[in-house]
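Below: the structure, in structure tokens.
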Amino acid sequence: MNEPSKESLQEQVDERESTVQQKYGTFAGVFVPTLLTILGVILFVRHGWVIGNAGLLGGLGIVTLAFIIVTFTALSMSCITTNIRIQAGGAYSIISQSLGLEVGGSVGIPLYLAQAFAITMYIFGFREGWLYIFPDHPAILVDATVFATLFVVAFLSARLAFRVQYIILAVVIGALLSVAASVFFGVMQHDPQWLGEFPGAREDDFPGVSFWVIFAVFFPAATGIMAGANMSGELKNPKKSIPVGTISAILICFGVYVLSGYWLSRVATPDELVNNYNVMIDYAFWPPAVLAGLLGATFSSALASIVGAPRILQALGDHRIFPGGELFSKLAKNGEPRNAIMFTGGIVLASLLVRDLNTIAPLITMFFLITYMMINLVVFIEQRMDMVSFRPTFPIPRFVPLIGTLGCLFTMFIINATFGLIAIAFVIAAYLYLTNRTLKVPYGDMRSGLFVSLAEWAAKKVSLLPADNERAWKANLLVPVRNSRELRGSFSLIRNLVYPKGSIKLIGITERMSTDKLQDSLFNLASSFSRENVYTRWSVIDSPSYKDAVLTSLQTLQGTFFKPNILFLRVSNASENDDELHSIINEARYYNMGIQLYLEDPVAQLGRQAAINVWIREKSPDWSLNMDLGNVDLALLSAYKLKKNWNADMRIITVVEEPEVEKAYNYLENLLDVARLKDVSAHVEIGSFKEALKSAPQADVDFFGLPKEPNLGEFRTYVELTKSACVFVADSGKENIFA
């Protein structure tokens with residue numbers, strides 16, 4: 001089956017969005033699920049333990065630090081959602097539209113798994129509260145009943161889930177009111193302990209812990225800020241609802257945690273707080289209300305996740321992030337992603353059978369933190385790029401996403417460094433997998449702008465450095481093209497002269513071909529080079545004169561940053577264009593361009609690409625080696641690149657009279673040693689130069705120096721004598737084989 005085109009894929013996504021019949025507002029779609037997810041089991045069961053360990057000031061410091069990180073993340077999320085047309089998938093959509101489907105998918109896949117496994121964790125939390133009331137009920141039966149209830153509600157419709165959440169919201173509010181009412185009945189009898197002693201947990205026999213261990217236990221309470229964003233595809237106005245609903249829910253939850261922390265520090269001693277996880281239940285005005293709030297909070301968190309996780313999976317399927325993804329992108333008539341819901345239900349059911357997810361619970365938190373970090377990073381990058389397209393209607397200071405990014409990264413390694421590294425490795429592996437899937441991108445992203453900005457920044461830095469950096473030299477070829485067929489025989493040569501870090505600039509000249517045909521052929525040729533991992537650009541000059549067009553190119557490209565440094569000219573077997581080539585060569589020398597004249601062997605062409613010769617003029621009577629080799633640096637560099645890319649044999653050859661043989665060998669061996677040319681051999685021929693061309697070891701390409709007054713007719717005889725392709729090379733003065 002053929003992959004869908006960019007246009008048809010976008011049409012499918014838009015069509016899916018149009019089938020969503022029910023759209024939700026800020027309160028129902030974002031505020032309530034976010035609020036209920038944050039006000040979870042840690043508030044009712046572990047918040048007192050946190051205050052008992054850290055003291056009131058220490059505990060409120062932990063609460064504040066955790067909420068700063070998630071608040072900054074929420075601000076970043078609010079900022080970016082007001083700058084893009086956010087689609088289904090929440091965080092996945094945000095990251096994909098900024099950094100591309102590969103990055104979005106690499107984060108979206110673990111985010112989906114984290115949401116799915118979080119459902120199981122919430123079911124386990126509900127079960128613990130239920131067994132507190134009914135200790136004789138079978139645990140597996142409780143889990144199965146809760147799962148079945150959640151699945152049916154989510155499968156029927158998100159609308160029903162939101163209606164259930166209204167009931168749960170009322171229950172949680174009732175629990176908090178029961179706690180608040182106790183203030184008027186004399187329960188606040190103790191002075192708070194401002195700074196705690198961090199004794200730890202009773203299960204571990206109070207081994208003593210640090211501030212950061214307590215922080216790691218509390219931090220998951222502050223997560224859940226994506227509960228509303230996960231419904232982004234089904235919100236009436238996500239640009240308004242996500243910022244308002246998420247931030248208002250976070251602020252209210254922060255107030256609840258601060259006030260309840262103060263209440264806990266007044267109703268019980270630190271010793272009781274660390275020993276009794278049910279302090280909030282025991283000291284409330286009506287304990288059953290708090291117990292109902294605990295059950296309601298865990299159930300609502302599970303419900304928000306089982307509604308939100310399939311939406312992430314469906315968004316991943318929309319864009320074919322994984323094979324067979326189209327199955328999960330399908331929607332029922334009422335707009336529900338039921339295939340994704342059933343698959344998510346299967347994952348949850350399988351994980352319930354494991355009975356204990358404590359071993360991977362930290363990994364779930366890591367996936368959430370990576371998602372939060374990436375959202376902050378997206379905004380940080382967009383802000384730093386200062387692109388005109390970044391015009392959020394909810395702007396934030398530049399320090400916010402930076403602190404959010406560093407805070408999430410810091411928290412990952414504070415909670416569990418091992419799982420942090422595992423989570424990062426998982427994301428990297430997913431990214432590498434997706435980069436090989438050649439995903440069809442249905443919308444633009446900022447990657448090109450990001451790389452352009454980096455290139456501009458690098459260009460500015462390079463402009464402050466010395467212009468001629470011999471150690472940073474690489475081959476950037478300017479290749480004039482009359483007809484792309486002329487380059488077929490030299491394609492491998494050109495590609496391997498620049499690979500891997502060089503570049504090719506193709507200049508099409510309309511001397512013999514129409515503009516349209518030449519453009520098409522250049523596009524195909526450039527695409528072929530690009531498929532060989534060579535950076536290639538092309539342009540066409542409309543000119544009846546080959547010489548004028550090449551000279552214009554030489555002049556124009558001098559002002560560019562990535563300017564060519566070598567002019568590659570293919571010399572034909574006929575001599576009618578020799579005068580034209582002489583003029584071009586002289587002009588290239590004037591602009592300090594390196595030159596490579598290529599003469600192809602009409603029979604062997606490039607042969608087996610297995611052997612390369614570099615001819616060096618003899619140095620008698622003075623065979624001393626110095627930095628000035630005399631127009632041989634570019635020839636040696638070019639030949640050595642071919643040797644590496646072709647995995648070919650390479651030798652350097654000189655021709656001398658018999659008395660000079662030993663000196664010549666010493667010179668060549670010293671040259672190879674100082675130039676660090678490994679696995680290159682030296683060879684000396686005795687007698688005349690033309691006889692040496694015939695008797696020297698056979699090569700597929702022979703490199704020669706290009707004299708100041710080249711005789712192109714004589715060069716053609718070299719091809720006949722060597723029975724190989726020949727390249728005549730002139731240095732620009734900016735190459736150095738010793739660098």
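Read-outs: derived from the displayed coordinates by stated rules, not from any lab. The model shown is predicted, which means the values in this text are computed figures rather than measured ones. Positions of Cβ are backbone-derived with ideal geometry, glycine not excepted, and every protein chain shown enters the neighbour counts.
Computed values, structure above
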quantity: Mean separation of Cα contacts under 8 Å (6+ apart) over length of the chain, as relative contact order %; calculated: 16 percent
quantity: Computed FRET value (nearest 0.05) for Y262 with R398, which takes r as the C-beta separation and R₀ as 30 Å; calculated: 0.30
quantity: Theoretical FRET efficiency, 1/(1+(r/R0)^6), r = Cβ-Cβ of R617 and N647, R0 35 Å, to 0.05; calculated: 0.80
quantity: Proximal charge balance of S503 [Cβ under 9 Å; K/R count +1, D/E count -1]; calculated: +4
quantity: Extended-chain gain in nm, criterion 0.36 nm per residue less alpha-carbon gap, F413 and R159; calculated: 87.6 nm
quantity: Near-label residues of the stretch 411-427 by backbone N, under 20 Å of a point 7 Å along Cα→Cβ of W212; calculated: 411-425
quantity: Gain in span if fully extended, A472 to F738, counting 0.36 nm per residue against the direct Cα distance; calculated: 94.5 nm
quantity: In degrees, nearest ten, helix 661-674 long axis to first principal axis of the chain (Cα); calculated: 20 degrees
quantity: Angle in degrees between helix 515-531 and the longest Cα principal axis of the chain, rounded to the nearest 10; calculated: 70 degrees
quantity: Whether the stretch 600-739 is rounded, prolate or oblate, judged on the alpha carbon gyration tensor where a/c under 1.5 counts as rounded; calculated: rounded
quantity: Folded to 0 to 90 degrees: helix 546-556 orientation relative to the chain principal axis, Cα; calculated: 50 degrees
quantity: Ellipsoid semi-axes in whole angstrom, largest first, where each is sqrt(5λ) of the Cα gyration tensor of the stretch 69-150; calculated: 37, 14, 10
quantity: Relative contact order for the stretch 600-739, counting Cα pairs under 8 Å that sit 6 or more residues apart, in percent; calculated: 37 percent
quantity: Point-to-point label distance, S527-R391, nm (Cα→Cβ direction, 7 Å offset); calculated: 3.5 nm
quantity: Total charge dipole magnitude, the stretch 600-739, about the Cα centre, Cβ charges on Lys, Arg, Asp, Glu only, Debye to nearest 20; calculated: 500 debye
quantity: Label zone at L195 (point 7 Å along Cα-to-Cβ), backbone N below 19 Å, the stretch 208-235; calculated: 208-215
quantity: Full-extension gain in nm, K330 to E128, via 0.36 nm per residue minus C-alpha separation; calculated: 69.1 nm
quantity: The stretch 536-551 and the stretch 88-115: distance between their alpha carbon centers, rounded to Å; calculated: 45 Å
quantity: Per-pair calculated FRET efficiency, R0 = 30 Å: K501 and N670 via Cβ, rounded to 0.05; calculated: 0.60
quantity: Student exercise, the chain dipole from Lys, Arg, Asp, Glu Cβ charges, in Debye to nearest 20; calculated: 1940 debye
